[in-house]
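Read-outs throughout are calculated quantities, based only on the coordinates presented, and are distinct from any laboratory measurement. As the structure is a prediction and not an experimental result, all values here were calculated from the model. Positions of Cβ are backbone-derived with ideal geometry, glycine not excepted, and every protein chain shown enters the neighbour counts.
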Amino acid sequence: MPYDYDDQNIFAKILRGEIPNDTVMETEHSLAFRDITPQAPVHVLVIPKGPYVCHDHFAAQASDAEIVDFMRLTARICATEGISPGEGGEGFRVIGNAGEHALQEVPHYHLHILGGRNLGALLEKQ
């Protein structure tokens, strides 16, 4: 299935510097910034700089360098934000939504890193 990347999405505009953000860290291939409507004391979004729509698109088509950079950045965020259990933190949740059923709001691959409090159950039964 081909992915149509919309280069006018809000994250593409952030990457081009058209919209400001609260940058946490930036690398050659990735950008991490604070969510404008945080759902936890720590709520950081991590996005690749490449035009990827969702996780499977990124995993299938990103270069090895992009994937390693992205994953290493998520680890650094967890450590520096003090939420990594390996660094003395209490834990965190990583969320990535893909497509309509997952309620993906921005068609640019991104992960939410949330922590700093008990986050409760992942999903409620319906």
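What to note about this one:
- Between Met25 and Ala65, the FRET efficiency from the beta-carbon distance, with R0 = 22 Å, is close to 0.85.
- For the chain, the Cα gyration tensor yields ellipsoid semi-axes of 23, 18, 15 Å (square root of five times each eigenvalue, largest first, whole Å).
- With the helix formula -39500 (n - 2.57) applied to DSSP H stretches of n ≥ 4, the chain reaches a computed 222 nm mean residue ellipticity of -7000 deg cm²/dmol.
- Per-residue Cβ neighbour counts within 10 Å put Asp56, Asp4 in the sequence Asp4, Asp56, beginning with the fewest.
- For segment 67-126 versus segment 1-60, the inter-centroid distance based on Cα atoms is 13 Å.
- Tilt relative to the chain, helix 64-80 - C-alpha long axis, 0 to 90 degrees, to 10: 30 degrees
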